Every structure is written in structure tokens, then in C-alpha cells.
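Asker: Got a structure for you, questions after.
The values are calculated or read from the model by the stated rules, or taken from the named source; none is laboratory data. The structure displayed is predicted, hence computed values, not measured ones. Please note: Cβ atoms are built from the backbone with ideal geometry, for glycine as well, and neighbour counts cover all protein chains shown. For the accessible areas, the whole protein counts, side chains as well, though only heavy atoms, and no ligand, DNA or RNA atoms are used. Shrake-Rupley method; radii C 1.70, N 1.55, O 1.52, S 1.80 Å.
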Amino acid sequence: MDAFFLPVGSGQRFAIYHPAQGGITRGLVAYVHPFAEEMNKSRRMAALQARALAAHGYAVLQLDLLGCGDSSGDFGDASWQAWVDDVVRACQWLRRQGDAPLWLWGLRAGCLLAAQAATQLGERWNFLFWAPTPAGKPLLQQFLRLKAAGDLASGNAKAVMDGLRQQLAAGESVDIAGYTLSATLASGMEQASLAPPAVAGRLEWLDLSTQPDASLSPATAKPLQAWQTAGFTVRSQVVTGPAFWQTSEIEEAPALLTATLAALKLPATVAVPA
């Protein structure tokens, strides 16, 4: 693998490139990481999958977004649009590495960023979604609740949540769990939705559950239908494994690694059971 800094204006973004192995490049894959602490919890799984994909002929680019990981800037400097722009630049860099099917691989909030970035790229991109969320608003609410969690015992949780919303609405930043959240980032995240881009390709949607007989949640039906209506070849399945992005310890989901490789290598006309 090749670790480097991708120049972006007056800053730089830390990137890791995993060249395709085996002499034939099956696809070019750009990874878009999740939000805040979920990124750190997911680093191992992302690295394992990137290496596995490279070993099977896929070139993979991992990028730390503005203010995240080893990239320049502070988390508080980030806006949602700045992150979308970072994903666009990563895809443009990756596109120059060869002529092969293009994939955007997102995890959680990374799926929202991937879908929005694709609207600015103007060509066909396929999508690999890990545990996608149909909209950014629930993720923002979940993040804000971290601040209120410490006040549950005293009964002040609602007042804390109301105060956070008022600060953000006034254009102020708020500090939550060691992260400074800007009003522009919160606003962009709240408005984000998992809408399909205009140029249709493939969508591989993989959810996780610790229950071996689990099925997709009802909330996924609407976005899946929207992508199908937009002309995408859509396949979805639930894989057995932990929600590694939120577990207290760093965990792995081996079945997800295997399912991902199988999904990308399948012909577009073969359906994966939900």
C-alpha cells in the first residue's frame, strides 16, 4: 500500500492507496469513512476490507476527510459540503489510476457523502453501502444525545438537547464527546438524504445484525425502491456480525468481508437474497 497526502487547496488529506494485485484491475474503489468516533471504531474493518479487495484485484483509496484522522484542519473546521468536496477530489484522483468500473464504498454517514459526491462527478459510479442510513438527521440526533446522556440522571437531558439546537441554529459551534461540531456541518448533515445520482449503476447494500435470521428494517424499503426506480441494479442482504462502529471494543465482522467480496464480483444480473 502507498500512504501519501493529497493536496487540497491550502491543506492536505491523508490517503492510503491499495493497488490492485494479480495483474488485472477489476475495479477502482473509493472508501468514505463514517462520522466522528465511528471512524476510529471502524478503522480496522476498513483496513481489512481494503486489503482483501486489493488482493482480489480491486484498487482501493482510503481518505481521511477534512479535520479527521491525519488530514489537515480541525474537526470544527469541517462543513458537510467540504467533506463532499473531499470525496469528489478522492474520486477524481482514483479515476486517473486506470480504466475499470468505479465504486464508491461508504459506511454509515459515508454512504450519504458518497451519494451526494456522485452527483458532482458526472459519470457512472457503482455503490457499496455498509449499514447505510437513509438520512443524516437521525445520525445528528444520535450524536447530540451524547452530550445529553450525562444529564439523564438529573432530568436535564431535554434542556441540554434544546440548548444544543438553539446554539446550532444561531450559527454557533458545540462541543460533544471531544468533537467541536460546527453549525454548517450540523445543518448539512441534517439535510442529507440517501438520494440516487442521475447516472445509474449498481448498488450493493449490506446491513449487519447479530441475529442470524435477521431481515432488512422497514426503513430501508423506501430508499431501496428509490434507487431501483432511478435505474440502479439493487441488491441487499443482512450479514451476521456486530455493529463494530459503535462497540466498546474494536471488533471484526468476518462475514461482512466475505459478503462484500462476493457482492462486488457477482454479475449485475444475479440477485442476492435479502
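Asker: Looking at Asp70, is it open to solvent by 60 Å² or more (accessible area, probe 1.4 Å) and not hydrophobic (A, V, I, L, M, F, W, C)?
Answerer: Yes: the conditions hold for Asp70.
Asker: Then there's this: Only one residue in Ser215, Ser173, Ser182 is closer than 27 Å to Gly73 by Cα and either open to solvent by 20 Å² or more (accessible area, probe 1.4 Å) or aliphatic (A, V, I, L, M) (or both), so which one is that?
Answerer: Ser173
Asker: Name the residues in the range 225-255 that are of a type in the set (Phe, Trp, Tyr) and either under 21 Å from Gln49 (Cα atoms) or part of a strand (DSSP E or B) (or both), would you?
Answerer: Phe244, Trp245
Asker: Next question, about the same structure. Considering only the range 87-119, state which residues are at positive phi and either of a type in the set (D, E, K, R) or touching a Gly at 6+ places or on another chain (Cβ under 6 Å) (or both). Show your work before the answer.
Answerer: Narrowing the range 87-119 to residues at positive phi: 98, 108.
Within the range 87-119, just Arg108 meets the criteria.
Asker: Moving to a separate point now. I'd like the full set of residues that are outside any strand (DSSP E or B), open to solvent by 50 Å² or more (accessible area, probe 1.4 Å) and polar (S, T, N, Q), limited to the range 185-212.
Answerer: Gln191, Thr210, Gln211 - these are the residues of the range 185-212 that are outside any strand (DSSP E or B), open to solvent by 50 Å² or more (accessible area, probe 1.4 Å) and polar (S, T, N, Q).
Asker: Given the residues Leu66, Leu61, Leu48, Leu53, which is the only one that is under 13 Å from Ala90 (Cβ atoms) and more than 14 Å from the chain's Cα centre (by Cα)?
Answerer: On the way: Leu61 fails: more than 14 Å from the chain's Cα centre (by Cα); Leu48 fails: under 13 Å from Ala90 (Cβ atoms); Leu53 fails: under 13 Å from Ala90 (Cβ atoms).
None of the others qualify; the one that does is Leu66.
Asker: Any idea which of Lys222, Lys147 is part of a helix (DSSP H, G or I), basic (Lys, Arg), surrounded by fewer than 20 Cβ atoms within 10 Å (Cβ to Cβ) and in contact (Cβ under 8 Å) with a residue 40 or more places away in the chain?
Answerer: The unique qualifying residue is Lys222.
Asker: May I pose another question? Looking only at strands (runs of 3 or more DSSP E) that fall completely inside the range 1-114, which ones have 2 or more residues that are farther than 27 Å from Ala262 by Cβ? Walk me through it before giving the result.
Answerer: Details: elements: 2-8, 11-18, 27-32, 58-63, 102-107.
Passing ranges, in order: 2-8, 11-18.
Asker: A further question on this structure: What's the number of the only condition in (1) modelled with pLDDT of 95 or more; (2) of a type outside the set (A, V, I, L, M, F, W, C); (3) touching a strand residue (DSSP E or B) at 6+ places or on another chain (Cβ under 7 Å); (4) within 25 Å of Pro19 (Cβ to Cβ) that Gly76 fails to meet?
Answerer: Condition (4) is where Gly76 drops out.
Asker: Please go through the range 234-257 and give me each residue that is closer than 24 Å to Lys222 by Cβ, buried (at least 18 other Cβ atoms within 10 Å of the Cβ) and not hydrophobic (A, V, I, L, M, F, W, C), ordered by number.
Answerer: Once the filter is applied, which keeps residues that are closer than 24 Å to Lys222 by Cβ, buried (at least 18 other Cβ atoms within 10 Å of the Cβ) and not hydrophobic (A, V, I, L, M, F, W, C), the range 234-257 yields Arg235, Ser236.
Asker: Need the failing condition index for Gly11 against (1) over 14 Å from the mean Cα position of the chain (by Cα); (2) buried (at least 18 other Cβ atoms within 10 Å of the Cβ), just the number.
Answerer: With (1) over 14 Å from the mean Cα position of the chain (by Cα); (2) buried (at least 18 other Cβ atoms within 10 Å of the Cβ) applied to Gly11, the lone miss is (2).
Asker: Given the structure, is Gln116 within 14 Å of the chain's Cα centre (by Cα), within 28 Å of Gly178 (Cβ to Cβ), modelled with pLDDT of 95 or more and open to solvent by 10 Å² or more (accessible area, probe 1.4 Å)?
Answerer: Yes: the conditions hold for Gln116.
Asker: Here is a follow-up. With the structure loaded, tell me whether Lys137 is basic (Lys, Arg), within 23 Å of Leu66 (Cα to Cα) and out of contact with any Leu (no Cβ under 6 Å at 6 or more places or on another chain) or whether it fails that test. Break it down into steps so the answer makes sense when it comes.
Answerer: Details: basic (Lys, Arg): yes; within 23 Å of Leu66 (Cα to Cα): yes; out of contact with any Leu (no Cβ under 6 Å at 6 or more places or on another chain): yes.
For Lys137, the condition - basic (Lys, Arg), within 23 Å of Leu66 (Cα to Cα) and out of contact with any Leu (no Cβ under 6 Å at 6 or more places or on another chain) - is met.
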